Amino acid sequence: MKGKITRLPSSDGKDLATRLTPVTHRMREVTNHLAEDGIWDATLTEEVRQLFDSLAEEWTATRDHPQRNLPILDALNRGKVKGQVALELGAGTCISARDLISKFDSFIAMDLSLAMLNNAIENAPPLVCADGSALPVANGAIDVLILQNMFLFPKEVERCLSTEGYLVWVNSRGPETPIHLPVEKVVHSLESAAGHGWDAIASTLGEATWAVIQRSKVID
Ligand SMILES: C[S@@+](CC[C@H](N)C(=O)[O-])C[C@H]1O[C@@H](n2cnc3c(N)ncnc32)[C@H](O)[C@@H]1O
């Protein structure tokens, strides 16, 4: 690893969301293949889209609880995240957006599943239905890219993040989250795709894990 990981003390908290069925184990496999080998194709896209389309109607009811957004807020706060333009990719029904919109000048929520976006919470931000493997975003346009319980597309992170940009990686139930990667793997995957170092600040809030990751600063 080229970059460094700084670990902050843990905070208390609990994720009260409904626990999912074993079908989600397949998503763990997809998460790892994607991070390790960049495997993502049309068949996989369709499989993932169909799964999340089928979960969309119940998503908010089974995951929205008062503590749901605490890990992401903790990450923004203790990770000292700054920026004007934020994108939440894999936003689902935009439960996090409720607490995030006001923190940025511009906040966009994107998801592969149209059904998820059609079930978005009231007062949702601008919604875009798109695949994270080919983001409809100009190079370097995003200051803060939020991935909560979402797959990592490292080449797109490298392309779309501004020079000082932040990747915010959150797993609501830590290693129990179906789409989960430990911070070491996220950094390794980014470094393999980008060819340079990334530094992370990582912590936990209850069972949730989070990391705020930036390109390593070049010291002259
Ligand atoms: C586990 S859910 C998390 C939703 C939300 N972030 C949350 O924590 O409640 C993963 C979301 O990522 C979306 N997703 C999966 N693959 C995607 C892709 N390639 N591009 C964009 N969104 C994707 C799914 O449709 C789903 O809404």
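Every number in this text was worked out from the coordinates using simple rules, so none of it is lab data. The structure displayed is predicted, hence computed values, not measured ones. Virtual Cβ from ideal backbone geometry, glycine too; neighbours counted across all protein chains shown.
Please report, in debye to the nearest 20, how large the charge dipole of the chain is about its Cα centre when each Lys and Arg carries +1 at its beta carbon and each Asp and Glu carries -1 there.
Computed charge dipole of the chain: roughly 640 debye.
Under a no-solvent Debye model with one identical scatterer per Cα of region 102-171, what's log10 I(q)/I(0) at q = 0.24, 0.27 Å⁻¹?
The Cα Debye sum returns log10 ratios of -1.29, -1.50.
Along the Cα-to-Cβ line of residue 102, 7 Å from the Cα, sits a label point; which residues in region 124-147 have backbone N less than 16 Å from it?
Within reach of a label on residue 102: 124-125.
Counting DSSP beta bridges with both partners in region 5-215, what percentage is antiparallel, nearest 5?
Roughly 35 percent of the DSSP beta bridges within region 5-215 come out antiparallel.
Which of the trypsin sites (Lys or Arg not before Pro) found in region 116-220 are in a DSSP loop and have at most 15 neighbouring Cβ atoms, other than their own, within 10 Å?
Listed in order of number, the matching sites are 217.
Apply the Karplus parameterisation 6.51 cos²θ - 1.76 cosθ + 1.60, with θ equal to phi minus 60°, to every residue of region 116-125 and state each ³J(HN,Hα) to the nearest whole Hz, in sequence, with x for glycine and proline.
Karplus values, whole Hz, x for Gly and Pro: 4, 5, 5, 9, 4, 4, 5, 6, 5, x.
Largest first and to the nearest Å, give the Cα extent of region 148-220 along each principal axis.
Here the spans come out as 39, 21, 18 Å, largest first.
Using DSSP to define loop residues, name the GluC sites (Glu not before Pro) in region 104-170 whose beta-carbon has at most 14 other beta-carbon atoms within 10 Å.
Taking region 104-170 and a limit of 14 other Cβ atoms within 10 Å, the loop GluC sites (Glu not before Pro) found are 122.
From the P(r) of the chain, can you give the percent of Cα pairs sitting at distances over 29 Å?
For the chain, the share of Cα pairs beyond 29 Å comes to 17 percent.
How big is D for region 25-121, in µm² s⁻¹ as a whole number, if Stokes-Einstein is applied with the Kirkwood radius of its Cα pairs at 4 °C and 1.567 mPa s?
Rounded to a whole number, D works out at 87 µm²/s.
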